[in-house]
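Quick notes on the structure that follows.
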Amino acid sequence: MIELHGLTKRFGEKLAVDSLTFSVRPGMVTGFLGPNGAGKSTTMRLMLGLDRPTAGDVRIDGKHYQDLDEPLRYIGALLEAQARHPGRSAYNHLLCLAQSNRIPRARVAEVLDLVGLQAVAKKRTKGFSLGMGQRLGIAAALLGDPTILMFDEPVNGLDPEGIHWIRNLMKRLAAEGRTVFVSSHLMSEMALTADHLVVIGKGKLLADTTMAEFIRQNSRSFVRVRTPQPEQLRDALHGAGITAVTAADGSYEISGVTAARLGDLAAQHRIVLHELSPQQASLEEAFMQLTAETVEYHAHETPPPEPVAAEPVAEPAGAWGENWQQRGRGRSGEGG
Amino acid sequence: MTTPYQATPYQAYASPIPVQSTGLGHALRSEWTKIRTVRSTMWTLGVMLVLVIGIGLLVASLVSSHTPTGTPVLAFGFFGVLLGSLPVITLGVLVISSEYSTGMIRTTLTACPSRSRVLAAKAIVFALIAFVLSTLACLIVAGADAGMITGSGIPSPSGSQWLRATVGAGLYVALLGLLALAVGAMLRHSAGAITAMLGVVLLPLLLALFMATQSLATVRTKLIEYSVPNAIATLYGIPMLSTGPQGWTPLWILAGVTAVALAGALFVINKRDV
Ligand SMILES: Nc1ncnc2c1ncn2[C@@H]1O[C@H](COP(=O)(O)OP(=O)(O)OP(=O)(O)O)[C@@H](O)[C@H]1O
Ligand SMILES: [Mg+2]
């Protein structure tokens, strides 16, 4: 359990973390979201006692970080930067950490095996790829078999298989009763792993809610219908007591009714349909709306040469990663 | 929506390994592993051994073929030690500054949140290694000097001369390295800290060389008296001037300066963000 009380950090003029108060609870994955520069990494450094808070307080199971006896047994952290000496081998990197917390030497080989780095254990980490470095960081976090795990953008640099692996790892760690706190920019990623959600923007707390609640409040599902006979369709819908919203491109957005029901209805009235598709407004979109005012670093996009027909879900700014959408749409099918 | 949103019922995780408190001993082991597993340690200490022993033996063999006058026999180790102190200084800086430049310091302090303990462990491990190796090198050179430079009218070195030329020189080099470690901790920047230390070692004497005018004579004298090369020369019984610190005094002066620098390093390292 990590508890923050009015945690504040100022770097000169810059208020990086602004009186954050929330708790990270055991037995679940807590996603920590915010746009670039929101203060996620700073908050995590404050939790680990690396940065000194300007005001406020963080407690780990009721204690300050520096009062923990064998901190690696309490918290394992994967920091944003690849915090290691490139001239030291992976094995020795973990060994020196283990020794400072009297963790048995055998555990080093164990965690190297766990993250799949045993083959390069004796190699200097200088030549490691981004993903290998990330795995080594995760190995270091798991070294003390800690009750709390903290990952700053763990999927950064991992290949799809690695991403899948870390997702399952986090869920498994949480299922074992541990506290898992993970930061990300991607709502779609969090939707797959997190049970609880903490959103910050410009250092301020914007949301502290369960994932299910966030989804319930923010995801709007509807069916898109396109037809060359709009008049007839509107009459048919009206007759059935269904309200339709006309979208910008002339199609209808209908919520509260299944696609099957609409298809049946159209068939009854002999109306030709060109599109009949269930839609899910993305969580990414909801997240962007939530943090819109707090985004500091906007990407400037060149406007497209001619207006493109609207997408099923509004396209976000380029800075938010283009490929979430596919995943976002397929999410309900993908499950967990 | 399927499974991922269901919160697991809370049931705290308990590691099978019991938590016990850790101390300086564990930090020392950790720092020992760190220092022996990077190449810069082997390089700098290797260069130090080559310089001290190589130059020491070279000078001894050159001098032994002539008949020296007046100079204490062991004093010929001076040149090697003066040059050999430079790689030790480099290592002293790197022991701490490389952690800052690579970001390792964050991992280190996450594993051991007591910053004082980390700094103490680093200082102890480094100083011990530097002291043992440089004393050993000085001992080899002193032995060669005493063995090779013999003859009528050349007094054999006294016990205190032996002690100063071996343990004394070794301590002096280790202290210079410790001072470098403290400076590295304060500046956090390898090149900056090494340059600063080179300045400390070489600048006073160089400045003194350029102070030819009469009005600066006292400043010049003080600069020479308290310069690092003169301090090492004094330990070898060949001070550049007849005034100034004598005998073991230069060593105590450096010890004082190093203690102050380490205290400063402790203060800033505890105060700063990393
Ligand atoms: N050491 C520092 N000195 C000065 N400013 C800092 C420092 N560390 C962070 N900041 C500032 O604090 C703000 C928050 O930074 P932080 O790295 O915590 O954001 P973040 O949420 O982790 O962003 P990202 O998603 O890009 O990793 C930024 O505006 C950053 O410029
Ligand atoms: Mg960050």
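The values are calculated or read from the model by the stated rules, or taken from the named source; none is laboratory data. For clarity, every value in this text was computed on a predicted model and none was experimentally measured. We place every Cβ from the backbone using ideal geometry, glycine too, and count neighbours over all the protein chains shown. Accessible surface areas use protein heavy atoms only, side chains included; no ligands, DNA or RNA. Shrake-Rupley method; radii C 1.70, N 1.55, O 1.52, S 1.80 Å.
What are the residues in the range A:1-11 that are open to solvent by 30 Å² or more (accessible area, probe 1.4 Å) and either within 16 Å of ligand 2 (Cβ to nearest atom) or away from chain B (no Cβ under 12 Å) (or both), if any? Within the range A:1-11, A:Glu3, A:His5, A:Phe11 qualify. Restricting A:Asp152, A:Asp145 to those that are within 16 Å of ligand 2 (Cβ to nearest atom) and open to solvent by less than 30 Å² (accessible area, probe 1.4 Å) reduces the list to A:Asp152. For the range A:43-82, filtering for residues that are without any contact (Cβ under 8 Å) to a residue 60 or more places away in the chain and within 16 Å of ligand 2 (Cβ to nearest atom) leaves 6. Based on this model, can you work out whether A:Ser19 counts as away from ligand 2 (no atom under 13 Å from the Cβ), within 13 Å of chain B (Cβ to nearest Cβ), closer than 21 Å to A:Leu290 by Cβ and not acidic (Asp, Glu)? Here the answer is no, as A:Ser19 does not meet what is asked.
Scanning the range A:36-54 for residues that are within 19 Å of the chain's Cα centre (by Cα) and either within 7 Å of ligand 1 (Cβ to nearest atom) or open to solvent by 10 Å² or more (accessible area, probe 1.4 Å) (or both) yields A:Asn36, A:Gly37, A:Ala38, A:Gly39, A:Lys40, A:Ser41, A:Thr42, A:Thr43, A:Arg45.
Could you please find all residues in the range B:240-260 being among the small types (Gly, Ala, Ser) and exposed (fewer than 12 other Cβ atoms within 10 Å of the Cβ)? Within the range B:240-260, B:Ser242, B:Gly256 qualify. Starting from residues that are in a strand (DSSP E or B), open to solvent by less than 10 Å² (accessible area, probe 1.4 Å) and within 14 Å of chain B (Cβ to nearest Cβ), keep the ones in the range A:22-35 and report whichever is nearest to ligand 2 (Cβ to nearest atom). Applying the filter and picking the extreme gives A:Gly31.
Is there a residue in the range B:205-213 that is touching a Pro at 6+ places or on another chain (Cβ under 7 Å) and in contact (Cβ under 8 Å) with a residue 12 or more places away in the chain? The answer is yes; a qualifying residue exists. The residues of the range A:1-43 that are under 22 Å from A:Leu79 (Cβ atoms) and among the small types (Gly, Ala, Ser), listed by number, are A:Ala16, A:Ser23, A:Gly31, A:Gly34, A:Gly37, A:Ala38, A:Gly39, A:Ser41.
Considering only residues that are closer than 17 Å to B:Ala259 by Cβ and more than 12 Å from the chain's Cα centre (by Cα), look in the range B:185-205 and name the one that is least open to solvent (accessible area, probe 1.4 Å). Going through the qualifying residues, I end up with B:Ala185.
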